[in-house]
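Shown next, in structure tokens, is the structure this report addresses.
What follows draws every value from the coordinates through simple rules; no lab data is involved. Since we're looking at a predicted model, the values are computed, not measured. We place every Cβ from the backbone using ideal geometry, glycine too, and count neighbours over all the protein chains shown.
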Ligand code: NAP
């Protein structure tokens with residue numbers, strides 16, 4: 001029986017889950033695949049921290065270099081997170097001929113081409129299923145299950161923390177209270193900026209677009225808007241109109257063979273599949289040009305979901321090493337899937353627009369006049385009765401060129417009767 005030696009950098013949430021899964025399912029893996037796993041070295045920051053799993057103290061170190069340079073380690077698990085020193089350690093492990101498994105989306109999104117090139121040069125591979133959508137095997141779906149398709153679009157919820165916050169807001173909680181609850185339950189980091197600012201979903205969208213279209217999309221090609229400017233009143237207006245607000249990553253092949261990639265709060269119908277994805281779950285719809293629509297749903301983060309993806313990568317890596325086919329494993333190989341990133345201002349969509357205005361005559365006509373001047377056609381307009389001096393007006397548009405809506409908003413925000421920067425979110429039927 002082949003025994004694989006694992007070197008682990010990071011024994012936090014994901015690292016502990018991986019060790020737990022290997023302990024729980026070790027005999028299953030042996031009987032199913034004929035492999036056995038042994039942990040050869042584990043690097044952490046603090047040797048005295050309390051751990052969720054038991055690991056032989058003699059295997060622990062605070063020096064991750066000992067893991068990447070360990071002569072007997074076959075597979076290095078990079079589960080520490082962040083960009084540096086993770087990038088340097090992963091490159092060193094690949095240069096040492098190790099196979100690497102990572103859950104680190106920031107690392108792959110920012111340094112993918114450099115890391116894949118290092119793997120190629122050293123006839124090895126990096127596996128990164130856990131970097132997008134936790135336990136949902138979405139990277140495998142793009143590499144394997146949907147390989148017969150050209151990908152028309154990928155559309156979905158890629159950040160469970162934001163979806164949890166939005167679900168709480170549906171129940172009447174403010175953004176601040178919902179975020180505090182997400183932090184209490186361990187969904188959101190102490191510094192939640194990457195989650196609520198949309199950066200985390202942006203990294204994941206860039207990775208999925210790169211895999212789907214065979215060229216590396218940098219973060220500069222992804223337009224990102226988070227949920228941090230969202231107010232309870234937006235959620236309530238959306239609900240009254242039959243929608244829910246979700247943070248949606250939208251990757252779309254345009255008619256001129258380019259790819260538009262954005263992440264933004266989006267109104268989706270309450271009854272739609274994506275509108276039914278609640279709490280910390282992820283949901284992703286991929287439209288292939290042969291299969292049509294497919295939908296993937298599951299836990300997008302957390303110890304168990306993420307370690308499920310990491311351990312699946314370990315098994316795939318083991319099979320490829322054992323059959324001496326590791327250099328055939330897809331990783332990332334460029335192909336001619338599209339002609340680069342689209343100019344997002346040319347995307348056509350419906351929009352939700354909320355403007356807080358002075359409650360006085362002719363205000364509505366000045367706003368609708370500007371929208372008309374920019375070819376923005378209005379589907380509905382709502383102003384609730386209020387005893388305040390400033391009132392929110394909500395407009396749902398028909399389909400409009402993003403560029404024209406942006407120009408209209410700039411003009412509207414300069415009106416003296418407009419009391420704060422207008423909010424716009426995409427709207428999907
Ligand atoms: P975490 O709980 O903060 O654990 C990080 C681990 O890395 C800790 O054990 C820490 O050691 C260790 N570490 C950090 N810097 C180190 C250094 N310089 N040298 C040695 N060890 C170091 O993080 P996590 O939630 O498990 O996330 C790990 C990775 O998985 C990240 O890339 C994250 O984006 C990704 N991911 C996480 C989730 C999730 O739900 N948590 C989901 C998907 C992907 P100490 O314990 O001693 O501090």
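Quick notes on this structure:
- Size of the range 138-300 as Cα extents on the principal axes (Å, biggest first): 44, 32, 27
- Using C-alpha pairs below 8 Å separated by at least 6 residues, the relative contact order for the range 138-300 is 34 percent.
- Relative contact order of the range 222-320, taken over Cα pairs closer than 8 Å and 6 or more residues apart, is 19 percent.
- Crossing angle, helix 363-373 versus the chain [Cα axis fit, 0-90 degrees, rounded to tens]: 70
- Extension gain, residue 380 back to residue 190 (0.36 nm per residue minus Cα-Cα distance, nm): 64.4 nm
- Size descriptors for the range 344-427, from the alpha-carbon set: Rg then Dmax equal 12.1, 40 Å.
- Estimated FRET transfer efficiency when R0 is 35 angstrom, pair residue 36-residue 290 (beta carbons, to 0.05): 0.30
- Peptides 234-246, 8-20, 119-131 ordered by packing proxy, namely the average of other Cβ atoms within 10 Å per residue, highest first: 8-20, 119-131, 234-246.
- Relative contact order [Cα under 8 Å, 6+ residues apart], the chain, whole percent: 16
- C-alpha long axis of helix 160-170 to longest principal axis of the chain, angle in °: 30
- Kirkwood hydrodynamic radius of the chain, from the reciprocal of the average inverse Cα-Cα distance over all distinct pairs: 23.1 Å.
- 0 to 90° range, to nearest 10: angle between helix 105-121 axis and the chain longest Cα axis: 40
- For the chain, the antiparallel share of DSSP beta bridges with both residues in that region comes to about 65%.
- Helical contribution to [θ] at 222 nm, DSSP H n ≥ 4, -39,500 (n - 2.57), averaged over the chain, rounded to 500: -10500 deg cm²/dmol
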